[in-house]
Protein chains: 2
Amino acid sequence: MTTASAPGKIILFGEHAVVSGATALGGAIDLRASITVQDSPGSVVITTDDLVLKGFSLDLLSGRLSSPQAAYATRYISAVVSELDARDVSIEIKSSLPVSAGLGSSASIIVAAVMAISEHQGQSLSKEEIAAISYRLEKKVQDGLASPTDTALATFGGYLQISREISALDLPMLDLVVGYTGVAHNTKSEVEKVQRLKERYPDLVEPIFKAMGAISERAAPLIREKNTSELGGLMNINHGLLEAIGASSKELETLVYAARGAGGAAGAKLTGAGGGGCMIALPGPAGQETLMTAIRQAGGYPFSVKSGQEGVRLEKEP
Amino acid sequence: MTTASAPGKIILFGEHAVVSGATALGGAIDLRASITVQDSPGSVVITTDDLVLKGFSLDLLSGRLSSPQAAYATRYISAVVSELDARDVSIEIKSSLPVSAGLGSSASIIVAAVMAISEHQGQSLSKEEIAAISYRLEKKVQDGLASPTDTALATFGGYLQISREISALDLPMLDLVVGYTGVAHNTKSEVEKVQRLKERYPDLVEPIFKAMGAISERAAPLIREKNTSELGGLMNINHGLLEAIGASSKELETLVYAARGAGGAAGAKLTGAGGGGCMIALPGPAGQETLMTAIRQAGGYPFSVKSGQEGVRLEKEP
């Protein structure tokens, strides 16, 4: 039996802008997907029974955990099975990441599967190999649309600065609250919508992307100093810029303003492609519990995360 | 008896950016303040009994029509009385403009008073003189903070493009819906907050202001063509940029998203300094009633306005 786990991710700054070459900053979080591979002679079995969202009661999420989600995860695993020519194994998926929420659930499932299956086959792939294979597979399953950021963060963990190339940043952990709107989003359609806006109004959208990139570049030293008040201010600016290019939604605005208001957040923004999915908030002096309560009362599903977590790893057998 | 009335205003595009020299576009609206002057030997009497908000039921606004509002209007009238050395007159103020809402209520009261009192004294001031005196008085009452835009729009009406200088634009009327949050705002503190942000992050805020100015400059031909779908798109972008610099609020976001969602608006944005006050929305194919209903259901006070209205004028006696 071989188990590997890989982290989800949040984009702290610069989503959408990065598509046009501006800098973004992402971090791996402590919500993980784990894949367990066991011998199972004569067949390949994929089980997804445990694909639940850790920390949520099931009644809150009824209807969101049914077969479409299992099918979703299974598509990615099937691609890995085919790529690595896996035979005679049962593969069990567990994930504490909501799907289609902008937290990189698919990348973490693929990355964990590539490591677990290859290790079970007795071959040790380097992290560079795992990241490259995983990116290629995610892109294939998603019809050409995938960012190398998600698979890189799931593989290497920590923080990554992404512009024309991806580079690791050595920064401390940051306590954040993620607020899930409960609304699935569609990364592809959101990215295409923003890119169409940019084609129509390059004189408006290009300076917006440039300002987003400048925010990302200011952020690293502030994370190093744990300067939450400045980081929060930059999150607020970044959120407005995302709103300007049409990436927000009523539900996201509701959670963002609940976080900044009653939640006492130092700052809050949507994270990922937007249009649904999640927002992130940096707790202010009132603390994390106050922030989570405010998000819950505004109709969101809050969970506390730490960014800057370890990448893909083999898990000891229990 | 002499009566003059002057219109309120909305900023269509470019508020805040205009403070730093970028272009803004404003329009006079068909909510007006009117001032009636009558002989009243031996004293100067100012009455404000009728300072109510046309179209609102009083119960909705209880607490917002009490003496602070009368005192507010009276301060401006007192400045005009003093400037024009008015004696032996009673001055009655009527206004359909909510105060401290970003709709230029103080400017319209001053401008109408300057015209009504001077005409009553038998002197005919030119519009240029009225605008100049009114701007100076508003600035004085507001401790140095006043934009010449409000008094110019109240005087000349129509549409004005404001950058380093103010120029009139000949454009058709536009049907809009204004949504009042019911939250008074403080122009001075909002403007100062944004200017502080600009000093702190010039590399972020200057491109935002520049994009706002570019939006204002694109708008005039679209108003001429009544291209509401493009105008609405630009309103949405402008709103996000205002959100980025901290000018929005929970209440404004709620009305903006209600307008864009259930209201079917072609676009929606906050108007004026923000932090409270009003938003404006451009009706979409679903029409103005749908839009007003959505704003009302979201907790706002909607009223329909037409922009591009006549400036200060003498009213015939009834």
How much accessible area per residue does the range B:174-307 have, counting only protein heavy atoms and a probe of 1.4 Å, in square angstrom? 34 Å²
At q = 0.12 Å⁻¹, what is the log10 ratio I(q)/I(0) for chain B, with the Debye formula run over Cα points and no solvent? -0.76
Set of aspartates and glutamates with alpha-carbon distance to residue B:127 below 13 Å, sequence-local pairs under 8 removed: B:119, B:310
Tell me the mean residue ellipticity at 222 nm calculated for the protein assembly as shown from its helices only (DSSP H runs of n ≥ 4, each -39500 (n - 2.57), averaged over every residue, nearest 500). -13500 deg cm²/dmol
Counting only protein heavy atoms and a 1.4 Å probe, tell me what percentage of chain A's accessible area is made up of carbon and sulfur. 49 percent
Which whole-number value in Å³ per residue fits the convex hull of the alpha carbons of the range B:161-318? 144 Å³
Residue B:167-residue B:44 FRET efficiency (beta carbon distance; Förster radius 56 Å; 0.05 resolution): 0.90
Strictly over 20 Å apart at the Cα level, which of A:226/A:306; A:210/A:269; A:306/B:193; A:250/B:306; B:139/B:188; B:94/B:188 would you flag in this model? A:306/B:193; A:250/B:306; B:94/B:188
Quick one: how many Å² of residue A:225 are accessible to a 1.4 Å probe, rounded to 10? 120 Å²
Kirkwood Rh and Cα-based Rg: tell me the resulting Rg over Rh for the range A:259-318, rounded to two decimals. 1.10
1.4 Å probe, heavy atoms, protein only - residues of the range B:250-298 losing at least 50 Å² accessible area vs chain alone: B:257
Of the GluC sites (Glu not before Pro) in the range A:81-178, those whose Cβ has at most 11 other Cβ within 10 Å and which sit in DSSP loop: A:165
Label points 7 Å out from Cα along the Cβ direction at residue B:196 and residue A:78: separation in nm? 5.7 nm
Chain B: relative contact order from alpha carbon pairs under 8 Å, six or more residues apart, as a whole percent, is 27 percent
Most mobile listed residue (B:241, B:84, B:25) in chain B, GNM with C-alpha springs under 10 Å: B:84
Counting only Cα, what are the radius of gyration and maximum Cα-Cα distance Dmax of the range B:2-170, in Å? 15.6, 49
Tell me: how much accessible area in total is hidden between A and B, 1.4 Å probe, Å², nearest 100? 2200 Å²
Sort out for me the Cα centre separation of the range A:249-318 from the range A:185-222, rounded to whole Å. 21 Å
Averaged per residue, the 1.4 Å probe accessible area of the range B:2-170, protein heavy atoms only, in Å², is roughly 39 Å²
Return, for the Cα atoms of the protein assembly as shown, the radius of gyration and Dmax in Å, separated by a comma. 28.9, 109
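The values are calculated or read from the model by the stated rules, or taken from the named source; none is laboratory data. Everything numeric here is computed off the predicted structure, so don't read it as measured data. Counting neighbours? That spans all protein chains shown, and the Cβs are built from the backbone with ideal geometry, glycine included. For accessibility, only protein heavy atoms count, side chains too; no ligands or nucleic acids. Shrake-Rupley method; radii C 1.70, N 1.55, O 1.52, S 1.80 Å.
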